[in-house]
């Protein structure tokens, strides 16, 4: 278990180092906007309290690594996006939250501005909390584009 966490940490640091050393001209903002999260939700290793957030995702043509940046409610997080999901993408952007026994996790980001959808894994902490909680309903959270 410690080995897996170590590997994940090394990969995240490598992605950060690659992004920091890449030429600035190659980076393009692919997604930039805001959203209002109505419930507490897990997204990667971050636990996001309900509230307003700014979101951005850089698109760098030289790498397939996509990082999602979040700011709001005292949270400054960088989340590694999964691979792009094939298929038709809605023209608007939204987050898809999945609920298990009252515990919400961000499972998908439809980035309409970019024309891609990305999936996210459910963290172990969310699984553990869901085992002790009661049931609720899923939520779709719209992302409003900004400059």
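Every number in this text was worked out from the coordinates using simple rules, so none of it is lab data. All values derive from a computational prediction rather than experimental measurement. Note that we place each Cβ from the backbone using ideal geometry, even for glycine, and neighbour counts take in every protein chain shown.
Once the piece of chain linking residue 92 and residue 54 is laid out straight, how much longer is it, given 0.36 nm per residue of separation minus the C-alpha distance between them?
12.1 nm
How would you rank 32, 54, going from fewest to most other Cβ atoms within 10 Å of each one's own Cβ?
Numbers: 32 17, 54 13.
Listed from fewest to most nearby Cβ atoms, that is 54, 32.
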Mind checking the full-extension length gain between residue 46 and residue 83? Use 0.36 nm per residue of separation minus the Cα-Cα distance, one decimal, nm. 11.4 nm
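What ranking do 94-106, 68-80 get when scored by the average of other Cβ atoms within 10 Å per residue, highest first?
Details: 94-106: 19.6, 68-80: 15.8.
In decreasing order of mean packing, 94-106, 68-80 become 94-106, 68-80.
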